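Values quoted throughout were computed directly from the atomic coordinates according to the rules given, and no laboratory measurement underlies them. These figures come from a predicted structure and were not determined experimentally. Here the Cβ positions follow ideal geometry from the backbone for every residue, glycine too, while neighbour counts run over all protein chains shown.
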């Protein structure tokens, strides 16, 4: 029975325990506000706008990259066709007695020039123009009083531009 008595006996609290509980600092309970529907909407709308802007930037960047690749491939292809242009030009300058041959070379040259024109390729003007290092490559210098200073006297190889880009510089002789 002594065990039963121990269980039933009330536990007396000591005065030190009572004072510790009473002296505990009061904890301030802060209620967190749940975001309202308007705040949730604004946050989601902001995320949507940012995602849309990122996609738009990606689309524009990839479009610019495709256009740059197209321009570069186009320029490389034209550069590879320029020796054909040079050979046709030389063939036209040589004397021949065969009129049909000459007419065939002229037609081929005309067709190649029209293709270049449709692609936006333009010849760089040279003879009689003022020398421009951005367009011309001077390989010779000649003293000629009939021409002004830094005027191109002769063109050895025709230069071409594709839009604003020089795809081949004109090889020229510059006077004075």
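Taken along the Cα-to-beta-carbon direction at a fixed 7 Å, the label points for residue 100 and residue 84 span 2.3 nm.
Prolate is the label for segment 46-119, because a/c, from the alpha-carbon gyration tensor with a ≥ b ≥ c as root eigenvalues, is 1.5 or above and a/b exceeds b/c. Placing pseudo-labels 7 Å out from each Cα toward the beta carbon at residue 139 and residue 63 gives an inter-label distance of 4.3 nm. Answer rounded, prolate or oblate for segment 90-141, using the Cα gyration tensor with square roots of eigenvalues a ≥ b ≥ c: rounded when a/c is under 1.5, else prolate when a/b is larger than b/c, else oblate. In terms of gyration-tensor shape, oblate. Residue separation of residue 166 and residue 34 scaled by 0.36 nm, minus their Cα-Cα distance, works out to 41.1 nm of gained length. When Rg and Dmax are taken over the Cα atoms of segment 125-176, they come to 10.7, 35 Å.
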